[in-house]
Amino acid sequence: NTDELQLAESLSLAMFPGSVPNYVEAAGVWRELIASGAVPASELFQNWAQLSGQGGYDEAVGVSNNHTSNQS
């Protein structure tokens, strides 16, 4: 068993040399794996994976990847 808190700390330590966008992407992948049930997770991390509001600005304003504009 991997200690999830140690894994989270390790991921955060890689943020600065690896760049913030890569960190955000890695955290998103981890979150999706937990939310989908592809990897086992403690209740703490399951709750984290289910939280809304983690999509940044696009989520806050209701933009999705499938959004199409009707502007001319």
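Every number here is computed from the coordinates shown, using simple stated rules; none is lab data. Values in this document were obtained by computation on a predicted structure and should not be read as measured data.
How far, in nm, would the chain grow between ALA35 and GLN50 when pulled straight, counting 0.36 nm per residue and subtracting the alpha carbon separation?
This chain segment gains 4.8 nm when fully extended.
How much length is gained if the chain between VAL24 and ALA8 is pulled fully straight, taking 0.36 nm per residue apart and subtracting their Cα-Cα distance, in nm to one decimal?
4.5 nm
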